[in-house]
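Structure first, then comments.
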Amino acid sequence: MDMNIYKIAIAAFLHDIGKFAERAGAAFNVSPDFISGNMDLYQPHFQEQYTHKHALYTAAFIDHIEKLLPREFNRDEWGLGDSFINLAAGHHKPETPLQWVIAMADRVSSGFDRDEFENYNKEKSDKGIAFRDYKKTRLLTIFEGISPDGNWKEDNLESYRFRYPLRELSPENIFPVDDPEYRKLDGEQASKEYEELFFNFIASLEKLEHRRNIPLWFEHFDSLFMIYASHIPAATVGKVVPDVSLYDHSRTTAALASAIYLYHLHSNSLEVGKITDYDNKKFLIVTGDFYGIQNFIFSEGGSTNKASAKLLRGRSFAVSLLSELAADMLCRQIGLTFISVVLNAAGKFTVIAPNTEKTKDGIKGVEDKINDWLVSRFFGESAFGLSYVEASCNDFTSKKFGELLERLAKTSEEKKFNKIDLEKYGGAVHGYLDRFNNNLSSKLCPFCHKRPSSPEAENDKLLSDKGSACKVCRDHIYIGTRLVRTSRIAVTTIDAEIPGPKLLDPLFGDYQVSLNVDGKLDKLAEKGVLLKYWDISLPQNGRIAKDITAKFVNGYVPKYEQEDNHDERLLVGPKREETIMELIEAVRPGEETPKTFLHIAKKALNHTDKPGRFTGIEALGILKADVDNLGLVFACGLRHNSLSRLATLSRQMNHFFCIFLPYALSTKDEFRDIYTIFAGGDDLFLVGPWNRIVDFSSYLNSSFRSYVCGNDQVTISAGMSVNRPGEPVPSIADKSEAALGKSKRNGRDSVTLFGEPVKWAQFQELNGVKEAIEAWMDRPIINNAMLFRLNAFSNLAKQEKYLLSLKEGIDIEEWNCLKWRATFKYTLARNVGKNLKGNERTEAMKEVEKAVDWFAQYGGAMKIPVWQVIYNRR
């Protein structure tokens, strides 16, 4: 790849790092000589004053910490044209074509049109946030201001309550804070926070790996800057709403600059007049979409046994790998760096590319190569699509950006209906039967039941008692096994010499992946064969890795601990002796061994006051959830939409699911047996003890409500199912999907349990009903017979609600349900307080009679509390 694109991309990425350095105050001292000697070079004049001091500090940052950056940055001969320092710092006083590339990218990233940018620079000195308050200003949250119906907040700081704490990224610090002190910081406290953050940033930068490999170092630096700059506002002076982070603005500026540079380079138009043109369609906005994710993860073949758990984990992680590496392949083909991928979550990504024939040819070539690979292995169940729209600088302005997103969404949706080229891939799978080997112990892969077993996988020790497997399933089992035992992943070229197990079938034929990484891999990095080096861990202390790239693509998996050796729940129930022994032998604390689904189902049993006696059913709970109407939120929810604001919102949404939720599962004792199948983008899929899943669903909703500042325009819906631990994987996936579908049809902000959809507020009320029924059982004033009759009355009340909603066409036979109130009175007299006498029994009957109002209000939704009590006490 042309190294000049890295020079442009990194210079654009660093263009505003001077804002961080300037606000750091005493933590970054710039000598008066440097200031006086460089003001004219980097700072423009306005009303006889120098402005944009941060540009000068960008130059100072690059100059002063030279030893912490790749040495090429301060060498005149690196790349073409301007020096690196002038490229990064010259964006407010651009003179050369390459400096104008970055200056234009800076403006377009912010959503400015030509006139708006000039007016903004004139107004910001005397309107909006005063210059003296720029250190006090904290990042606002986009979530608080979202309103798809157009009822936006006023454009001033006073209308916003929430702020992000100025601290490094962590699972707890990603939540905005409603604190009056944060809205009225004094200057000393505000400066101290910046100084501490910057000091820690520099200390971490010193330890960043692979400085001799610029592409790899750039990825590591991007990750490090995300940790420290995600809560720094990009703009803090003038008439602005500071809800865009410095990190996201820097990243989108780098993506835009890369595309602008390559467009004009390939069209031989690297001239200031052409670069500053707002009307020319310079960009291709490319969307990549991995189709059939659910089929991929929950493929037929096996049930929820120990091998299936590894397969699920491996397949889920493979989806993230495929998406990441598809985006990487596209960027390399076009000649872009990884920074051009501005959005990437849940199997979808967006790339800002130059609008050239080379780009379009590259898109077609990459799409064909990926689909050739997928079809040969998954026979059309999964596919990959690339769609794009052309865009000009004007299309990124706040006034038109919504239209651009709509065009992109429409094009992407059209592509989804044409995801398989039937002319190319239709008909029988060529050579399928020729792949079978009759000498293997199992000719057909016993895990997927689709692909022929492979000689390379025969008797692999990862396969346990299964002697055979296809390469794909063996690789997924390898990934699923190693994920819980490793914190680092290396992605290399297929010819890289990396010791230990690795994929038998490199992804797309180009990418080798190893989860047995040991050491810093410096030699591989210097040879250029180490393409990615990720830390996927999220330690329970919440601290994110800072020496290499942190990737949030690994969910939480419950592992065996010492206490599991003494869990008597493994021994109860009508299980065969072999199954009980299998459960006992699986408990291996200290070996980083994941709990099996059967063991997790056992965790649903409830302790009693009698040793060895438990109540409840052993069952798996499945929770599937996603954010409601997210496309509408992105397209219409923001008053001032821009690429950098969209990137901030997308990243913050993703962080809730892929940073906070795995951390919460791993640190809260009541949820530590819940298994992440996938979590990222705007959705998640969890498996756990059925009753803990129900408890977690309420925690999920309340946490999300806090995360989005209580904005009732940004909601989440969920569906839960209760399943036998041996039920086939596709079946549990279908049931949870059906439950989520019911929630969506009930309107946003809904949850479904036991097939009954309700709003989250009702769900909380029904939890109170459940607690009341449990108290009646404990006293006891009702018995099991009455408990089951409550369930019957729930069905009658549901039928009544349905009949009352009809205006005509009711048969007389259906009226029988209307007498449930009278029947309830009779049942009350026969079953409540049998062991009580006199006033005690009278009071008990009055108390249970409250259920009449519950049935009238909630109808069939009363199954939610009643069935929970039944299942927990069985």
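Summary of computed values
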| quantity | calculated |
| --- | --- |
| Inter-part distance where region 441-501 and region 247-264 are each reduced to a Cα centre, Å | 39 Å |
| Length released on extending from VAL272 to LEU571, taking residue separation times 0.36 nm less the Cα-Cα span | 100.0 nm |
| Dipole in debye (nearest 20) - region 478-588, about Cα centre, beta carbon charges: Lys, Arg +1; Asp, Glu -1 | 440 debye |
| Separation between Cα centres of region 338-353 and region 852-870, rounded to whole Å | 46 Å |
| Karplus (6.51, -1.76, 1.60) ³J(HN,Hα), θ = phi - 60°, over region 698-704, in Hz, Gly and Pro reported as x | 5, 5, 4, 5, 5, 5, 5 |
| Residue-normalised accessible area of the chain, given per residue in Å² at a 1.4 Å probe | 41 Å² |
| Dipole axis of the chain (+1 Lys, Arg; -1 Asp, Glu on Cβ), positive-most option in SER269, THR596, ALA490 | THR596 |
| For region 730-735, 3J(HN,Hα) per residue [Karplus equation, 6.51 cos²θ - 1.76 cosθ + 1.60, θ = phi - 60°, Hz, x = Gly/Pro] | x, 5, 5, 5, 5, 5 |
| Positive-end extreme of charge dipole, the chain - chosen from HIS64, PHE198, SER299 (charges on Cβ) | SER299 |
| Residue-wise HN-Hα coupling along region 139-149, computed from phi with Karplus coefficients 6.51, -1.76, 1.60 (Hz; x: Gly, Pro) | 5, 6, 9, 4, 4, 5, x, 5, 7, x, 8 |
| Rounded D (µm²/s) - region 669-798, Kirkwood Rh over Cα pairs, Stokes-Einstein at 10 °C, 1.306 mPa s | 98 µm²/s |
| Accessible-area composition of region 16-121, carbon plus sulfur, in percent [1.4 Å probe] | 45 percent |
| TYR675 long-range amide H proximity, modeled H, under 5 Å | VAL687, GLY688 |
| For region 20-72 and region 725-776, distance of Cα centres in Å | 57 Å |
| Region 337-466, Rg to Rh (Cα coordinates; Rh as Kirkwood inverse mean 1/r) | 1.12 |
| Carbon + sulfur, % of accessible area of region 536-592 - ligands and nucleic acids excluded, 1.4 Å | 45 percent |
| Which labelled figure in (i) 34.2; (ii) 29.7; (iii) 28.5 is Kirkwood radius over Cα pairs in Å, once derived from the coordinates | (ii) |
| Share of carbon and sulfur in the accessible heavy-atom surface of region 162-212 [1.4 Å probe, %] | 44 percent |
| Folded to 0 to 90 degrees: helix 760-778 orientation relative to the chain principal axis, Cα | 40 degrees |
| Calculated [θ] (222 nm, deg cm²/dmol) that DSSP helices of n ≥ 4 give over the chain, each run adding -39,500 (n - 2.57) | -14000 deg cm²/dmol |
| Scattering profile of region 303-406 at q = 0.13, 0.14, 0.20 Å⁻¹ [log10 I(q)/I(0), Debye over alpha-carbon scatterers] | -0.59, -0.66, -1.10 |
| Amide proton proximity set for PHE384, modelled H, under 5 Å, gap of 5+ | TYR291 |
| 5 angstrom amide H check on ARG451, placed H, neighbours 5+ away | CYS445 |
| Cα long-axis angle, helix 357-378 against the chain (0 to 90 degrees, to the nearest 10) | 30 degrees |
| Label point 7 Å beyond Cα of LEU504 along Cβ direction - residues of region 456-483 with amide nitrogen under 12 Å | 456-464, 466-478 |
| FRET efficiency, ASP372 to ASP33 (Cβ-Cβ, R0 45 Å, nearest 0.05) | 0.15 |
| Between 0 and 90°, nearest 10: helix 114-123 axis offset from the chain longest Cα axis | 90 degrees |
| Considering only the chain, percent of DSSP beta bridges that pair antiparallel, nearest 5 | 95 percent |
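The values are calculated or read from the model by the stated rules, or taken from the named source; none is laboratory data. Everything numeric here is computed off the predicted structure, so don't read it as measured data. No Cβ is skipped: glycine too gets one built from the backbone with ideal geometry, and neighbour counts run over all protein chains shown. Only protein heavy atoms, including side chains, enter the accessible area calculation; ligands, DNA and RNA are left aside. Shrake-Rupley method; radii C 1.70, N 1.55, O 1.52, S 1.80 Å.
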